[in-house]
Structure formats: C-alpha cells, structure tokens
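The values are calculated or read from the model by the stated rules, or taken from the named source; none is laboratory data. Keep in mind it's a predicted model, so treat the numbers as computed, not measured. Cβ placement follows ideal geometry from the backbone for every residue including glycine, while neighbour counts extend to all protein chains displayed.
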Amino acid sequence: MEFRARLYGFESDGPALVLLHGFPASSLMWEGLAQEAVRRGLRVLAYDQRGYSPGARPQGCKDYQIKDYLGDLQAITRTLGLESFHLVGHDIGAVVAWSAAMAWPHRLRSLNALSIPNPEVLPIRPYVRLLALPRLPEAILQAGGSRRLRSMLPEGCSAEEAEEYRQILTEPGALTAALNFYRSVNASLRDLRTRLSAPIRVSTRFTYGAGEGWVRPAYLAAQAKRMEPGVPLEVAKIEGAGTRGHFLIETRPELVIEGILDHVQRVERNLASEA
C-alpha cells in the first residue's frame, strides 16, 4: 500500500515525532504542532492512516483492525529509518498509539494520547455501535450533500482543513474505509485485551477536554492502574476546548502544542541524562 505523508525537518538528525490523526481528519490537523516541533529540533512524520490515503484502502472491514494500523505504523517508520520515536495520537490515532505502547514499548520514547483514554479500560459507546452498522452510516452521512458529514468535521478547524477532510471522505470508497475501523472494533478490542495487553512502560501524557464523552473518573483511575509501576503518567484537562471537548488542537492549539512538546523535551532530557 501507499500512504500519503507529510514530513518535516528530516534534513536534521533530531529525535523523531510521529503523529496519528483520527476521524474525520487527516495528517493536516498536525500542521501547527509539526512546525513548532521542527523549530525545537525534532523531525516529524504525519501520515494519512489506512482508509484516508487513496493508495491504502483495502475493501474488507477485516483489514481495519488495530493490528493492521500497528502494522502500518511499524512499516512506515522503519521505511524512514525511525527505530525509536515519540508518538502522538488523537481519537482513532490515540487508540493506535496506546496499542503501540503496549505492543512495542522499546520503540517508543514517549506517548501523548489526546481525547481517548487507554482503550483497554473503555466500554463501547452507542455512537460507535451506530457507526459500525453496515451501509446505514454512509447513507446518513452522505444524505443532503453530505450535510451531516460536514457537521461532524472538527470544531474549530480551518477552512483549508475542512476542505481537505471533505475531499478525502467523499472520494470513492473513502467513507466506508474510514468507518470500517468501527466495524472492526470488537475484533480489535479482543486482540487488544489478549495478545497485545501489557502495562504501559513509556512516559505518557493524556490530554482531554472538559466535556469529553470518552472520559470518566473511573476510566482515568483504571488507566492509571495500567501503567508499569514507576512509569510517569501525566493527565491534563483542557478547559474551553469547544462544545464537545474533543477537538483539542483545533480549539486550544497553543496550550495543547506546548503541553505535548514540553513533555517530549523533558523525556529527551531524561534519556540524555541516563545515557
């Protein structure tokens, strides 16, 4: 498969930062973070995940399990010679990022997850079950000139971002491919809670917005228990992140970007002092 990617700062040999978008966005959502990261000496990879890249749209929903997204991340980073990297994910990208921290902690230098807690501790919400239905979600989202799909675009995103996201999800087969993540969620969670299940062993920062539907005190407490003893977990709650509290980097960019990069740089200093 071929993945559409944005690369920043690869003329340097600084630490690598890999960015994973969620639904219904693309790698463009990370532009502000990527530019600031390069100013601080990092190399940045942001790519459109399977379903969103035109050259990476398998037909069957069985090809959209967590293990498939992890395989993409593994292959892409190794193709670019990134044997270790800092990982950031939002929404679906956060689920993949948490899973990567369980699957191969030796490759991650740090983890930043936005909006979605460790998926091992989460129930499946009703809207996920709705999106997992066959054919009906496409019919609803594409009705009336994709009016409902447009209403789901990230709150606070720019006109450029909204246009790119709309273009991607109206390409032939793209919306179905994006929704296949949800249609595979039961199989993914079984895999996550059996084969991939492991304590998180990398320094982690979890950021969420006030009003985020995926966050409950019980989930945060359970998430903390999934950390290896002694491994730091920071939790940051962002106020004023829009009406849904979900689209953090669009609604509170400076605060979110600074939090991520401060964590990355502190981890880098700690690793240097241990070397």
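If you go through the stretch 231-247 and keep only what is loosely packed, with under 14 Cβ neighbours inside 10 Å and on the phi > 0 side of the Ramachandran plot, you end up with just GLY240. Considering the stretch 1-37, the residues that are among the polar types (S, T, N, Q) and assigned to a loop (DSSP other than H, G, I, E, B) include one that is surrounded by the fewest Cβ atoms within 10 Å (Cβ to Cβ), namely SER12. Screening the candidates TYR69, TYR47 for the property of being buried (at least 22 other Cβ atoms within 10 Å of the Cβ), touching a residue at least 12 places away in the same chain (Cβ under 8 Å) and under 21 Å from ALA162 (Cα atoms) yields one hit, TYR47.
When the stretch 79-103 is filtered for residues that are within 26 Å of ILE257 (Cβ to Cβ), part of a helix (DSSP H, G or I) and among the hydroxyl-bearing types (Ser, Thr, Tyr), only SER99 remains.
For ILE92, the stated conditions hold: it is surrounded by 17 or more Cβ atoms within 10 Å (Cβ to Cβ), of a type in the set (A, V, I, L, M), closer than 25 Å to LEU122 by Cα and touching a strand residue (DSSP E or B) at 6+ places or on another chain (Cβ under 8 Å).
Taken together, the residues in the stretch 38-78 that are part of a helix (DSSP H, G or I), over 16 Å from LEU19 (Cα atoms) and more than 15 Å from the chain's Cα centre (by Cα) amount to 4. GLU250 satisfies every condition listed in (1) surrounded by 18 or more Cβ atoms within 10 Å (Cβ to Cβ); (2) charged (D, E, K, R); (3) at pLDDT below 95 except (3). Of all residues in the stretch 212-230, those satisfying the criterion of being exposed (fewer than 15 other Cβ atoms within 10 Å of the Cβ) and touching a Lys or Arg at 6+ places or on another chain (Cβ under 9 Å) are GLY213, GLU228.
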